[in-house]
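What follows is a short report on a single structure.
The values are calculated or read from the model by the stated rules, or taken from the named source; none is laboratory data. The shown structure was predicted, so the numbers you read here are calculated from the model rather than taken from an experiment. Ideal geometry is used to build each Cβ from the backbone, glycine not excepted, and the neighbour counts take in all protein chains shown. In case anyone asks, the SASA skips ligands and DNA or RNA and just uses the protein heavy atoms, side chains included. Shrake-Rupley method; radii C 1.70, N 1.55, O 1.52, S 1.80 Å.
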Amino acid sequence: MLGMVPAGYLAKRVATETSWLANDQVEDIYALSNCISDDFADYTEFWKHNGFWLFNSPAVLRDLAEEAGLDLTGTKLFYYEVFEQEYHETGHWQPVLPEDSLHTDVQIPSAKQLEGFDIVTFYQSPVPECSCLSCNHMAEIVPVNRHCLLQTFEEAYTLLSADVFKDCEPGPNRIFAVYSLIEQ
């Protein structure tokens with residue numbers, strides 16, 4: 001049975017200015033992509049990320065920030081899971097695997113809150129590129145929640161399979177579950 005795979009963590013500067021998007025329900029952008037809600041830094045140059053180009057744990061991310069003098073002030077830490085298949089423009093699904101040259105051993109958080117599902121393009125590299133919902137304004141066409149995410153996995157899978165996102169950025173497209181961490 002196909003399912004979601006732990007992909008990792010990332011600290012983001014969540015964009016709260018959403019007036020450019022014709023959707024009054026959207027309050028902020030929890031997208032994985034770096035297009036609107038910025039990553040905490042250009043972290044890939046340090047090679048501390050895993051095979052999904054995220055971090056295996058919050059501790060690895062925080063250690064990198066401290067070592068490199070990267071400021072985490074004003075960021076929100078997210079945990080991500082990725083659907084184990086990606087959708088290609090030719091209308092078929094193929095397996096998604098982490099880049100095997102990078103160590104991937106994601107620590108699953110003890111407490112997390114599902115915020116929704118993002119559709120993210122991976123055309124030129126293994127790094128997450130654009131979110132179809134925010135970057136391509138698809139949130140003006142398909143129903144999204146207040147974080148500019150789809151509410152269910154089933155919605156994401158169905159919309160991708162029906163080629164609703166075919167005129168967005170070139171694919172393949174991956175489905176990510178976006179979680180907030182719950183402090184204990």
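Which value in deg cm²/dmol, rounded to the nearest 500, describes the helix-derived mean residue ellipticity at 222 nm for the chain, given -39,500 (n - 2.57) per DSSP H run of n ≥ 4 and division by the residue count?
Using -39500 (n - 2.57) per qualifying helix, the result is -3000 deg cm²/dmol.
Counting just the Cα atoms, what span does region 53-98 cover along each of its three principal axes? Round to the nearest Å and put the largest first.
44, 19, 15
Eight or more residues apart or on different chains, and alpha-carbon atoms under 26 Å: count the Lys pairs in the chain matching that.
Values: 12/48; 12/76; 12/112; 48/76; 48/112; 76/112.
Going through the chain pair by pair, I get 6.
Rounded to the nearest whole Å², what accessible area per residue is found for the chain with the 1.4 Å probe?
On the way: 8960 Å² over 184 residues.
Solvent-accessible surface per residue comes out at 49 Å².
Could you pull out every residue, at least 5 positions away or on a different chain, whose amide H is within less than 5 Å of the one on residue 50? Hs are placed 1.01 Å off N in the peptide plane, and Pro or chain starts have none.
So residue 50 has HN proximity to 55, 56.
For residue 8, list long-range residues whose amide hydrogen, built 1.01 Å from N in the peptide plane, is under 5 Å from its own amide hydrogen.
Residues meeting the criterion, in which the H sits 1.01 Å from N, are 80.
At a 10 angstrom cut-off on C-beta neighbours, averaged per residue, how do the peptides 40-52, 62-74 rank from highest to lowest?
Descending mean neighbour count gives 40-52, 62-74.
So how do 5-12, 32-39 stack up, highest first, on mean other-Cβ count within 10 Å? Walk me through the numbers before you get to the answer.
Details: 5-12: 23.0, 32-39: 20.2.
Taking the mean over residues of other Cβ atoms within 10 Å, the ranking is 5-12, 32-39.
Over every pair of different alpha-carbon atoms in the chain, take the mean of 1/r and invert it; report that Kirkwood radius in Å.
16.5
Which ³J(HN,Hα) values in Hz, rounded to whole numbers, follow from the phi angles of region 117-124 under the Karplus curve 6.51 cos²θ - 1.76 cosθ + 1.60, where θ = phi - 60° and Gly and Pro get x?
Working through the residues one at a time gives 10, 10, 10, 10, 8, 9, 7, 9 Hz.
Filter the chymotrypsin sites (Phe, Trp or Tyr not before Pro) in region 68-110 down to the DSSP loop ones having no more than 16 other Cβ atoms within 10 Å, then list what survives. Present the calculation step by step, with values, prior to reporting the outcome.
Values: sites: 78, 79, 80, 83, 87, 93; in loops: none.
Those that pass, being in a loop and sparsely packed, number zero.
Where does region 68-141 land on the Kirkwood hydrodynamic radius, alpha-carbon pairs, in angstrom? Please report the intermediate quantities before stating the final value.
Working: mean 1/r = 0.0651 Å⁻¹.
That comes to 15.4 Å for region 68-141.
I need the phi-derived Karplus couplings for region 63-80: 6.51 cos²θ - 1.76 cosθ + 1.60, θ = phi - 60°, integer Hz, Gly and Pro marked x.
Here the 3J(HN,Hα) series is 4, 4, 4, 5, 4, 8, x, 8, 7, 9, 4, x, 9, 10, 8, 10, 10, 10 Hz.
From the C-alpha coordinates alone, can you work out the Kirkwood hydrodynamic radius of region 27-116, in Å?
After inverting the pairwise mean of 1/r, the radius is 15.0 Å.
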